[in-house]
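Read through the structure below, which is laid out as structure tokens, and then see the notes.
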Amino acid sequence: MTPEEAAPAASAAEPAKAPVAAKAPIDPKKRFGKLTIKADAKRKNVWFDGKRMLGSGQRSFLVFCGMHTIAVADKTETRDVEVPCNGEYVVSK
């Protein structure tokens, strides 16, 4: 038996696997933004993505950045807002 016969041949049916690129770690600080409630809104109930925000008066919350819904005073009157990553969205009325 020759060495070529003893060694198993690579099958043409098996494609070569491409190397997997490692994902860059996401900076956790860039995933959040600040939601600040002040002015007229601080005296009213505020709903963020359908959930009432706790507290009264001027207050701030750390939230995931991106698109959300917000309502002031009346839960059914929602509007779409975008909280900027590493930034601030202010609700004033």
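Just so it is clear, none of the values below were taken in a lab; they were calculated from the coordinates. Note that this is a predicted model, so its numbers are computed, not measured. Here the Cβ is made from the backbone with ideal geometry for all residues, glycine too, and neighbour counts use every protein chain on show.
Using the count of nearby Cβ atoms within 10 Å as a rough guide to exposure, how do PHE32, PHE64, PHE48 rank from fewest to most?
Details: PHE32 16, PHE64 12, PHE48 19.
By the 10 Å Cβ count, ascending: PHE64, PHE32, PHE48.
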Legend entry - Relative contact order (%) - criterion: Cα under 8 Å, at least six apart; region: segment 33-93: 47
